[in-house]
Amino acid sequence: MGFTNNIKISADGNRNTTLGAGLKEFARNFVYREALTDGVAIDEAEEMVSVDSTIDTAAAETWDLLSGGAGDHDCPGLTGDVTFTSIQAIIIKNSSVVVGEILTLGDLSANAFDACFGGLDLGQVEIPPGGCAALINPAAAGWTVDATHKFLQLAAAAGSAVAYEMLIIGRVN
C-alpha cells in the first residue's frame, strides 16, 4: 500500500502603473509546495479523506477524526472509516458563490480538534463564498488527534445551505 499527495498553492500577480515619465511594473510569483509520501516522519502521511457535502442553513456538522461514531460523521476513507492519530493537512473550499454564505471551521464544544488553532477551543476560521482555507503541518508529529482533541466542526451562516469540499490528510499509526 502506498500514499502520495502533492499540495500546491500558487499565485501569479502583476501590477503596473505610470510613475512620473515612466511605467513602473511589479510582478510576483508565490508558490507553496508540500509533497507528502507514505510514512510517519517529516513530510509523510498515510491516509486521506475527501468530502463533498452541503451544510443546512445555520447548522453545523461535526467530523469525528477518530471515527468513533460520536460526531455527525466519521471520516470515510478508501477502504472504510479512517481513525486518525495526527493531521498533516486540512484544506476546505467554500463552494458557494452567494454573498453571506460563510463557512466557519472550528469547534467550540468539548473534545475539539483545536491544535491547529494553538490549542484554543475558541479558534475559528471563516471561509467566505468562493474562499479556501489550507492548514498544513508537515512536521513528523503533525497535529495530534486523541480522545480529547477529535471533533472538527464546520458551520454554515444563517441564510441558506453552504456547499463545501474538504480534504483531510493525516496518519493512522
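So, of the residues in region 1-36 that are surrounded by 10 or more Cβ atoms within 10 Å (Cβ to Cβ) and more than 19 Å from the chain's Cα centre (by Cα), which turns out to be modelled with the lowest pLDDT? The selected residue is K24. Residues in region 147-167 include none that are in contact with a His (Cβ under 8 Å, 6 or more places away or on another chain) and small (G, A, S).
Of the residues making up region 77-116, those that are farther than 19 Å from A133 by Cα and either at pLDDT 85 or above or surrounded by 15 or more Cβ atoms within 10 Å (Cβ to Cβ) (or both) are G77, D81, V82, T83, F84, T85, N111. Residue count for region 60-85, restricted to those that are part of a strand (DSSP E or B), touching a residue at least 24 places away in the same chain (Cβ under 8 Å) and touching a Phe, Trp or Tyr at 6+ places or on another chain (Cβ under 9 Å): 4.
May I ask you to verify whether Q153 is more than 25 Å from Y32 (Cβ to Cβ), within 12 Å of the chain's Cα centre (by Cα) and in contact (Cβ under 8 Å) with a residue 12 or more places away in the chain? Judged against the criteria, Q153 is a match. Tallying residues that are under 14 Å from T62 (Cα atoms), aliphatic (A, V, I, L, M) and part of a loop (DSSP other than H, G, I, E, B) within region 86-119 yields 2.
Taking S50, is it exposed (fewer than 10 other Cβ atoms within 10 Å of the Cβ), of a type outside the set (V, I, T), part of a strand (DSSP E or B) and within 21 Å of the chain's Cα centre (by Cα)? No, not satisfied. Scanning region 156-165 for residues that are modelled with pLDDT of 90 or more and out of contact with any Asp or Glu (no Cβ under 6 Å at 6 or more places or on another chain), we see that the one that is farthest from D52 (Cα to Cα) is A156.
The values are calculated or read from the model by the stated rules, or taken from the named source; none is laboratory data. Note that this is a predicted model, so its numbers are computed, not measured. Backbone-built Cβ (ideal geometry, glycine too); neighbour counts: all protein chains shown.
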